[in-house]
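S.K.: Take this structure, written in structure tokens, and hold onto it; I'll ask about it next.
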């Protein structure tokens, strides 16, 4: 509205009165000269009440002093501020209520008088809408943050459960697996302490088999799942309950050694048998969500599965040991029985042969001695299989000598053993050398049709070599499959100990097996 250099007339006044926004005309001395009807509605004053009053009457008291001090600045340097770019201020109504408003300014001169026109809009609705929008944005941001945290938590839970399943499929000891499970439960369920207990078969208190943060339990209560003192109100016992239960001390007392107020306990059921429980401890009283209960059940199920797997492995190992003992017993029976049967036959005819031909009798007596030594060596070798630890305690040269005597007695094949140099090698390398020699000599006895065989153990400065050779019929190495003659087994054993295996053979020219292990 442009009123510059004009006098008020009826048209101007009609414009002011019909304006959809409040208009307040202020004189140079800061007094209100005129207001329109919309301004009356906005502030709740009649124009008679405002005309002649200082402009500051429309401002909150906390702003009046500052505004009064600087109101003259506007008339010194007049400037316009259109609506939409106006000042967002606070106004005060006649009843004392404050409200947000926007003020546009314009300077006019009428008959030598300088006037300021303040165009006022009540922006309460706009401010409320903006505030509602900010609140909505803040709530949305909070929900997004919570959802992000929830997604991250679910990802961590999924990864934790996957890691446990991975370790369950390994041959790690049960103690290590259970320790990993309580670590994951402690981390993902944010416990103050967690423990896995095993029921005492003798009727005593359960035993802790894996735990986190239980080092603050006083002596004498380490094995109490709930930590209930001997006196006072007992808590509900959930170790044998079929369902998860949140346990809280309703009297306000503490559980487990006076430090925990809530416990989430889940029994460990292994094939219908209660093995024990997993207990999650919290220092503050609290309830447990369905998700927390389900996750606790998942940890209990995984712990029970680990226990069941360990039992199955133990059963399999026992069965394997029994089967191996039966096999060795059969081998011992077959090998030694055959040798002893031959010995018995020679012993029966030896007196008659001795009387007829003493030279032949001496040859048969020597053969009888070889068979007897072979039977003893065969028995010692098979007994070593029953006690594998004996392999670790024996000297490699002695083991090779015993092995050669067993083959000699069994196959009537002379086997010589030679050792050059000396030294020590790791136990696992010694066992690998022994197994390779055993496999090679078995091949000689079964397939080579040799008349002699030699075993050489050679200690050099930086390596140890084992050589098994014979003068048998040999074979084409290039055409022999790796599964034939135990070649693959010997190669795997050599690689496992970090050695190198070489096999040289030609049809009709015997075979030479050599394995070399570098001294580290």
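What follows draws every value from the coordinates through simple rules; no lab data is involved. For clarity, every value in this text was computed on a predicted model and none was experimentally measured. With ideal geometry, Cβ positions are generated from the backbone for all residues, glycine too; neighbour counts draw on all protein chains shown.
S.K.: Taking a ≥ b ≥ c as the square roots of the Cα gyration tensor eigenvalues, with a/c under 1.5 meaning rounded and otherwise prolate when a/b beats b/c, else oblate, which class fits the stretch 395-520?
M.R.: Working: a/c = 1.83, a/b = 1.28, b/c = 1.43.
It comes out oblate by the Cα gyration axes.
S.K.: Rank these for me by crowding, 392, 295, 280, going from fewest to most other beta carbons within 10 Å.
M.R.: 392, 295, 280
S.K.: Please arrange 164, 458 by how many other C-beta atoms lie within 10 Å of their C-beta, fewest to most.
M.R.: Details: 164 21, 458 15.
In order of increasing Cβ crowding within 10 Å: 458, 164.
S.K.: Got a sec? How would 166, 511, 372 order by Cβ neighbour count within 10 Å, fewest to most?
M.R.: 166, 372, 511
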